[in-house]
1. Quick one: would you say residue 39 is within 16 Å of residue 62 (Cα to Cα), polar (S, T, N, Q), crowded, with 17+ Cβ neighbours inside 10 Å and in contact (Cβ under 8 Å) with a residue 60 or more places away in the chain?
2. Here is a list of conditions, (1) of a type outside the set (Asp, Glu); (2) assigned to a helix (DSSP H, G or I); (3) at pLDDT 95 or above, and residue 207 meets all of them except one; can you say which number that is?
3. Looking at this structure, is residue 199 in a helix (DSSP H, G or I), surrounded by fewer than 18 Cβ atoms within 10 Å (Cβ to Cβ) and either of a type in the set (Gly, Ala, Ser) or free of Cβ contacts under 8 Å to residues at least 24 places away in the same chain (or both)?
4. In segment 50-60, which residue that is out of contact with any strand residue (DSSP E or B) (no Cβ under 6 Å at 6 or more places or on another chain) and in a loop (DSSP other than H, G, I, E, B) is nearest to residue 91 (Cα to Cα)?
5. Please find, among 139, 148, 100, the residue that is outside any strand (DSSP E or B) and aliphatic (A, V, I, L, M).
6. Collect the residues in segment 12-49 that are part of a loop (DSSP other than H, G, I, E, B) and over 23 Å from residue 223 (Cβ atoms), keeping them in residue-number order.
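The values are calculated or read from the model by the stated rules, or taken from the named source; none is laboratory data. Since this is a predicted model, take the numbers as computed values, not measurements. Because the Cβ atoms are built from the backbone with ideal geometry, glycine has one as well, and the counts that use them run over all protein chains shown.
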Amino acid sequence: MKIGILQTGHAPDAAREKLGDYDAMFARLLDGHGFTFDTYNVVDGEFPDGPQAADGWLITGSRHGAYEDHPWIPPLERFIREVHGTGQPMVGVCFGHQIIAQAMGGTVEKYSGGWSVGRQTYEIEGREMALNAWHQDQITVLPEGARIVGHNDFCAYAALLYDDRIYTVQPHPEFTADMIDTLIRHRGAGIVPEAQLRDAAAQLDAPTEGGTIGERIADFFKRRA
């Protein structure tokens with residue numbers, strides 16, 4: 001099964017040297033399931049010819065806001081609606097989670113409650129699990145047809161399911177402790193409150209369950225193949 005990765009941002013240089021870009025992180029997360037991957041750097045204006053270019057689609061995280069005025073955002077929203085219309089499976093993570101909601105009629109905003117960074121606990125599909133997060137933006141109005149399947153006290157819409165065709169999550173199952181450490185050191189300073197960065201650094205050695213969500217994503221793709 002071919003998964004098209006719509007890359008909506010690039011990892012910091014320090015992360016790419018060690019961990020690769022976001023597409024490489026997702027390829028590792030979904031390794032062992034027989035998938036092949038094609039990457040489209042939509043953040044740089046590179047789009048597939050159409051939804052049939054892959055069997056399923058995955059939208060990555062980004063440092064950009066879904067509501068920002070970038071030339072690649074409107075065509076990405078159109079592509080999301082086209083994929084939804086075909087019935088092909090689509091997955092969105094962090095920015096991907098947000099841009100899909102926006103494309104489907106929801107609202108994304110810079111959250112007044114601040115940032116969520118590092119290891120966080122969520123209830124996802126009836127199970128408590130710890131996952132890494134890195135975001136301030138949030139979905140604040142759900143689009144029609146979205147069903148909440150994950151949340152915590154900070155993020156009411158942490159995982160969504162649309163007609164069993166689209167599955168999206170706000171936290172980052174693909175982010176390892178190494179990635180969070182890199183973000184703390186290279187993207188957090190002066191942006192995220194210092195106390196939150198210290199908190200996140202103190203929990204780098206604590207276990208997370210990104211692999212569990214990776215399995216859920218892989219199963220979601222394979223059931224729709």
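1. Working: within 16 Å of residue 62 (Cα to Cα): yes; polar (S, T, N, Q): yes; crowded, with 17+ Cβ neighbours inside 10 Å: yes; in contact (Cβ under 8 Å) with a residue 60 or more places away in the chain: no.
No, not satisfied.
2. Status for residue 207: all satisfied but (2).
3. Values: in a helix (DSSP H, G or I): yes; surrounded by fewer than 18 Cβ atoms within 10 Å (Cβ to Cβ): yes; either of a type in the set (Gly, Ala, Ser) or free of Cβ contacts under 8 Å to residues at least 24 places away in the same chain (or both): no.
It is false that residue 199 is in a helix (DSSP H, G or I), surrounded by fewer than 18 Cβ atoms within 10 Å (Cβ to Cβ) and either of a type in the set (Gly, Ala, Ser) or free of Cβ contacts under 8 Å to residues at least 24 places away in the same chain (or both).
4. 60
5. Values: 139 fails: outside any strand (DSSP E or B); 148 fails: outside any strand (DSSP E or B).
Of the residues listed, the single one that is outside any strand (DSSP E or B) and aliphatic (A, V, I, L, M) is 100.
6. Our first condition is that a residue be part of a loop (DSSP other than H, G, I, E, B); within segment 12-49, this holds for 12, 20-21, 30-35, 41, 45-49.
Of everything in segment 12-49, those that are part of a loop (DSSP other than H, G, I, E, B) and over 23 Å from residue 223 (Cβ atoms) turn out to be 12, 20, 21, 41, 45, 46, 47, 49.
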